[in-house]
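Trainee: The structure under discussion is supplied below as structure tokens; questions concerning it will follow.
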Amino acid sequence: MSVARTDDGVRLVWEEEGEGTPVLFIHEFAGDHRSWEPQVRAFSRRYRCITYAARGYPPSDVPDDLEAYSQAQAVADAVTVLDAAGVDRAHVVGLSMGGFCALHLGLRHPDRARSLVVAGCGYGAQPEREAAFRAESNVVAEAFRTEGAAEVAKRYAQGPARVQFQNKDPRGWQEFAAALGEHDSTGAALTMGGVQARRPSLYALTDELERMTTPTLVVVGDEDEGCLEPDLMLKRTIPSAGLLVLPRTGHTINLEEPEAFNRAIADFLATVDAGRWGRRDPRSLATSTTGMDE
């Protein structure tokens with residue numbers, strides 16, 4: 001394990017495996033750096049895989065101030081890890097909370113990203129759902145604060161977009177649920193309240209997204225209801241985006257369907273590295289079926 005130190009003095013613990021073009025993996029709220037094990041095992045054969053525990057997730061530090069947690073700080077932390085690893089540009093792969101971070105990194109620091117994989121990203125983004133999501137996030141934060149992670153994990157791990165994983169792979173799901181129950185309760189509460197509940201809506205960023213040219217693969221499970229519509233918006237808005245929808249799949253995509261996820265990411269990274277992932281052909285935006293409406 002290695003340690004990166006942020007501008008506000010927070011220690012971020014990161015690990016690497018393999019050699020080659022760097023790939024930075026950014027974990028979801030309910031996961032941690034260990035959640036990427038199926039990807040590290042596969043991709044470290046050809047890539048330099050870098051994972052890290054976000055602030056609030058031991059063995060990284062757990063600041064006890066809510067103001068130490070935000071979407072902007074999460075992006076700054078990802079860049080800090082890249083700097084500590086001596087990486088100028090990396091493929092960036094994020095899931096859920098990590099997907100938001102990857103997307104914002106692409107917007108704020110396009111020079112640091114070779115490509116973006118934005119998976120399971122979109123909860124609370126739709127304008128009509130934004131207020132309810134923020135309120136729910138604060139309720140969840142309070143539950144972590146008062147009940148503790150071990151108790152909250154029993155319910156959180158069985159959410160509507162997690163049961164697919166439980167049904168397909170009970171053993172893998174149990175490992176995921178157990179790891180969630182081991183999270184630092186304070187860190188989980190502050191992350192939920194500071195990052196999740198306060199992040200800007202993706203729909204407020206459409207002007208910026210329309211100008212983003214970093215190769216982007218958006219990945220979503222078709223039973224991840226909170227992400228489907230926002231991810232379709234991302235596909236339609238980002239000119240360099242592709243959209244992959246995995247059937248009968250929920251939110252924990254990389255663990256629920258590791259082979260399909262890895263195969264898609266491997267093809268995407270290879271295409272990007274070959275210089276063959278360009279912007280969408282504007283002719284495909286024609287409103288007619290045949291293109292003969294001139």
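Just so it is clear, none of the values below were taken in a lab; they were calculated from the coordinates. The structure displayed is predicted, hence computed values, not measured ones. Virtual Cβ from ideal backbone geometry, glycine too; neighbours counted across all protein chains shown.
Trainee: Assuming R0 = 25 Å, can you tell me the calculated FRET efficiency for the pair R236 and N262, based on Cβ-Cβ distance, to the nearest 0.05?
Mentor: 0.45
Trainee: Could you work out how much longer the chain between K168 and A274 gets when fully extended? Use 0.36 nm per residue separation minus the Cα distance between them, nm to one decimal.
Mentor: 34.7 nm is the gain from fully extending K168 to A274.
Trainee: A further question follows. Quick one: what are the phi-derived ³J(HN,Hα) couplings along region 9-14, Karplus 6.51/-1.76/1.60 with θ = phi - 60°, whole Hz, x for glycine and proline?
Mentor: x, 7, 8, 10, 8, 10
Trainee: Using amide H atoms built 1.01 Å from N in the peptide plane, name the residues 5+ places from G242, or on other chains, whose amide H lies under 5 Å from its own.
Mentor: Distant-sequence amide H within range of G242: T216, L217, V218.
Trainee: To the nearest µm²/s, what D does Stokes-Einstein give for region 78-214 at 37 °C and 0.692 mPa s, using the Kirkwood radius over alpha carbon pairs as Rh?
Mentor: Rounded to a whole number, D works out at 199 µm²/s.
Trainee: Measuring from label point to label point, each 7 Å out along Cα→Cβ, what is the E19 to A72 span in nm?
Mentor: Simple spin-label model gives 4.1 nm for this pair.
Trainee: Pairing the Cα long axis of helix 127-147 with the longest principal axis of the chain, what angle in degrees results, from 0 to 90 and rounded to the nearest 10?
Mentor: The two axes meet at around 20 degrees.
Trainee: What whole number of Å gives the distance from the Cα centroid of region 142-166 to the Cα centroid of region 195-210?
Mentor: Between the Cα centres of region 195-210 and region 142-166 lies a distance of 26 Å.
Trainee: Quick check: from the Cα gyration tensor, does region 2-277 come out rounded (a/c under 1.5), prolate or oblate?
Mentor: rounded
Trainee: Angle, helix 97-108 long axis vs. longest principal axis of the chain, Cα atoms, 0 to 90°, nearest 10?
Mentor: Tilt relative to the chain: about 60 degrees.
Trainee: Sticking with this one: Give a quick list of GluC sites (Glu not before Pro) in region 126-200 that DSSP marks as loop, anything other than H, G, I, E or B, with at most 15 other Cβ atoms within 10 Å.
Mentor: For GluC sites (Glu not before Pro) across region 126-200 that sit outside H, G, I, E and B with at most 15 neighbouring Cβ atoms in 10 Å, the list reads E182.
Trainee: Let's test the formula: R0 of 25 Å, r as the Cβ-Cβ distance of E37 and D8. What FRET efficiency results, to the nearest 0.05?
Mentor: About 0.30, to the nearest 0.05.
Trainee: Hand me the trypsin sites (Lys or Arg not before Pro) from region 198-287 located in a DSSP loop with no more than 10 other Cβ atoms within 10 Å, in residue order please.
Mentor: Those satisfying the criteria are R276.
Trainee: To the nearest 20 debye, what charge dipole does region 134-224 have about its Cα centre, counting +1 at the Cβ of each Lys and Arg and -1 at the Cβ of each Asp and Glu?
Mentor: Dipole size: approximately 140 debye.
Trainee: Same structure again: List the chymotrypsin sites (Phe, Trp or Tyr not before Pro) within region 1-92 that DSSP assigns to loop and that have no more than 16 neighbouring Cβ atoms inside 10 Å.
Mentor: none
Trainee: Can you find, among P59, A72, W36, the residue farthest towards the positive end of the dipole of region 8-150? Put +1 on the C-beta of Lys and Arg, -1 on that of Asp and Glu.
Mentor: W36
Trainee: Then there is this: Add -39500 (n - 2.57) for each DSSP H run of 4 or more in the chain, then divide by its residues: what number comes out at 222 nm, to the nearest 500 deg cm²/dmol?
Mentor: Estimated from H runs of four or more residues: -13000 deg cm²/dmol.
Trainee: For the chain, give the share of DSSP beta bridges that are antiparallel, in percent and rounded to the nearest 5; count only bridges with both residues there.
Mentor: The antiparallel proportion sits near 25 percent.
Trainee: List the residues, sorted by chain then number, that are 5 or more residues from I26 or on another chain and whose placed amide H is less than 5 Å from its amide H.
Mentor: V93, G94, L95
Trainee: Could you point to the residue in Q164, A204, T287 farthest towards the positive end of the chain's charge dipole, with +1 and -1 charges on the Cβ of Lys/Arg and Asp/Glu respectively?
Mentor: T287
Trainee: Related question: Enter the angle in degrees (range 0 to 90, nearest 10) between the Cα long axis of helix 71-84 and the first principal axis of the Cα atoms of the chain, meaning the one along which they spread out most.
Mentor: Between helix and principal axis, roughly 90 degrees.
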